[in-house]
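A short write-up of the structure that comes next.
Each reported figure results from applying straightforward, stated rules to the coordinates on display, with no laboratory input. Model, not experiment: these values are computed from the prediction. Cβ placement follows ideal geometry from the backbone for every residue including glycine, while neighbour counts extend to all protein chains displayed.
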């Protein structure tokens, strides 16, 4: 059973009608087959119309869709010989961050991602994609490994944010994130960051100071969640829709602001409607972004990354 | 009523309480212990409560004064970034909020002030946050200001000191406020790459995107006593874990115990501590020894032998 978002209700109704008809027909009644085809084309039209003019809040919902592919799905589809590596060498292993060595279209790379988990058990294991200091220190460690062996770094960002908890604070959450950002900026190898779902605040930034920052068409990237922003500025989390609009957190707005470099188009109806299509498109986009960087020397890569971030804020919407 | 308030009352006041001698801001109340503090005495004590030692928040100008030698410094003008790039509006337009705050705190001002001078005789560039300016929040102006400070430090071969006092990123600048995390990290790196000391003095509060970038990258990290320092807000954490937070959680002393801060320094000792540290980092050799010239008789005695 597909999970429909609230604004997809007309689609959900059509979908169940189609299912019903299919169930009745079984035999091969021509009239019913015609009716199914008619309904399917209607559903397709509605899907197209809905996804053409999504509001910021609707994009927030799609970015958090439970069936949306997660970092592990991308790693499985795009990375061969993936060899996960664990631990920060100081405290522990944080499963909110998946990472390791692998090959992307033949090239050796270090891949790092925030993993939300696909079912309840996995979500708990990966702490819902919210990393602790040891997670960000593992990011820094694996980036240093990549740097030492000249391997490009690919990051896949999908997190509500860094974990807000007592132990995380006690072990220096702020410092761990700061060092992770510093780690990104120091790299003498290409860093390509892809926001695949939610790019939540500092917890996302820690993996996203890249030479190229890509964003899936319906993903979001923001300094604060719309709910958090609404509860502070509107004094009510119920204004999350307004906050989502005001924050300009969509890929389309961020491209105009020069904060991201490229949008990866999603299949009609969002990444969750065709994971394999999404993987192919994302792989192609990463490939295209990576190639021109492969010929650059370390100093130039670092300078290009710094210049890009320093130039931000020069143009508004 | 008009005649009463406009004519009679001022006359009575003029007789009963001559306004010049009794300003109404003679006393301040310590927000921590409630002690009434004589204003002039509080100022002399650098806004530290004499009863409980609570360090009150102070504005940028006062902060700069107590950090430089003899309270002397030169402020620099900071770059003017694009105003309201997102055309942000919550219950109020961001441009209006900015204008209102600037009307109170000075035209073109923002949450950062930068000055240069000397500390213990060593060149220093100091960037301090103005908490009263929208909670010291970090947007483009603060990011550009820190970059300007870093470049001035490199140009003058000076130590760079930053005193954050900020709730975090400025939400009204959306993603561009988040981008100040890498941008300020680059500023810090420019200072470090030039071989100059980068010292952070954490002041109340240092949280969110500010704590998770330049504020935690100091060569040396000092803190004012009792300052709240952390990434996530205490309320958010309480809501997540649904239990009471430990005593003293996210205070400077808690961070010291957890290895995140080098030293908690009382405001009155800050200048001397900075002077000593910068001096040791920058003047590594012992001062030239003063050798007394031999006296005439000694010189003659040497000749004879």
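Observations on the model:
- Ranking of B:211, B:223 by count of other Cβ atoms within 10 Å, fewest first: B:223, B:211
- Spin-label model distance (nm) - residue A:55 vs residue A:21, 7 Å beyond Cα toward Cβ: 3.1 nm
- Shown is the FRET efficiency for residue B:92 and residue B:295, computed with R0 = 60 Å from the Cβ-Cβ distance and rounded to the nearest 0.05: 0.15.
- Overall, the ratio between the Cα radius of gyration of segment B:26-88 and 2.2 N^0.38 Å, rounded to two decimals, is 1.60.
- Cα gyration tensor shape for segment A:6-53, rounded if a/c is under 1.5, else prolate or oblate: oblate
- Cα centroid separation, segment A:91-120 to segment A:217-256 (Å): 27 Å
- In chain B, helical runs assigned H by DSSP with n ≥ 4 each contribute -39500 (n - 2.57); averaged across all residues and rounded to the nearest 500, the mean residue ellipticity at 222 nm is -10500 deg cm²/dmol.
- The value given for segment A:158-317 is a Kirkwood hydrodynamic radius of 16.9 Å, derived from the mean inverse Cα-Cα separation.
- P(r), alpha carbons of segment B:82-129 - 5 Å bins starting at zero, rounded %: 5, 17, 18, 18, 13, 9, 8, 6, 4, 2
- Share antiparallel - DSSP beta bridges, segment A:60-310, percent rounded to 5: 40 percent
- Set of segment B:194-234 residues, backbone N closer than 19 Å to the point 7 Å along the Cα-Cβ line of residue B:33: B:224-228
- A simple spin-label model places pseudo-atoms 7 Å from Cα toward Cβ; at residue B:43 and residue B:194 they are separated by 3.5 nm.
- Centre separation in Å (Cα based) which lies between segment B:226-250 and segment B:252-287: 26 Å
- Taking the convex hull of Cα positions in chain B, its mean projected area over all directions (nm²): 27.5 nm²
- Average projected area [Cα convex hull, segment A:113-187], square nanometres: 5.2 nm²
- Average partner coverage of A:160-169, which counts Cβ from other chains inside 10 Å: 6
- Peptide B:83-94 shows a mean partner chain C-beta count of 4 within 10 Å per residue C-beta.
- Cα-based Kirkwood hydrodynamic radius, chain A, one decimal, Å: 20.6 Å
- Bridge type composition, segment B:109-221 - antiparallel percent by DSSP, nearest 5: 40 percent
- Taking a ≥ b ≥ c as the square roots of the eigenvalues of the alpha-carbon gyration tensor, the protein assembly as shown is classed oblate because a/c is 1.5 or more while a/b is no larger than b/c.
- Per-residue Cβ neighbour counts within 10 Å put B:110, B:269 in the sequence B:269, B:110, beginning with the fewest.
- Over segment A:60-310, Cα pairs under 8 Å with separation of 6+ residues give a relative contact order of 17 percent.
- Förster radius 56 Å - calculated FRET efficiency between residue A:107 and residue A:38 (Cβ-Cβ, nearest 0.05): 0.70
- Shown for B:235, A:171: other C-beta atoms within 10 Å of each C-beta, ranked fewest to most, produce the order B:235, A:171.
- Cα-based shape type of segment B:41-200, given that a ≥ b ≥ c are square roots of the gyration tensor eigenvalues and the cut on a/c is 1.5: oblate
- With Cα atoms defining each centre, segment A:135-175 and segment A:272-317 are spaced 19 Å apart in the structure.
- Computed from the Cβ-Cβ distance with R0 of 30 Å, the FRET efficiency linking residue B:256 to residue B:288 stands at 0.20.
- Each residue, residue B:239 and residue A:145, gets one label point 7 Å from its Cα in the Cβ direction; the gap between the two is 3.7 nm.
- The C-alpha atoms of chain A define a longest principal axis, and helix A:30-52 lies at about 40 degrees to it.
- The angle separating the long axis of helix B:140-156 from the principal Cα axis of greatest extent in chain B is about 20 degrees.
- The sum of -39500 (n - 2.57) across all DSSP H runs of n ≥ 4, divided by the residue count of chain A, sets its helix-only mean residue ellipticity at 222 nm to -15000 deg cm²/dmol.
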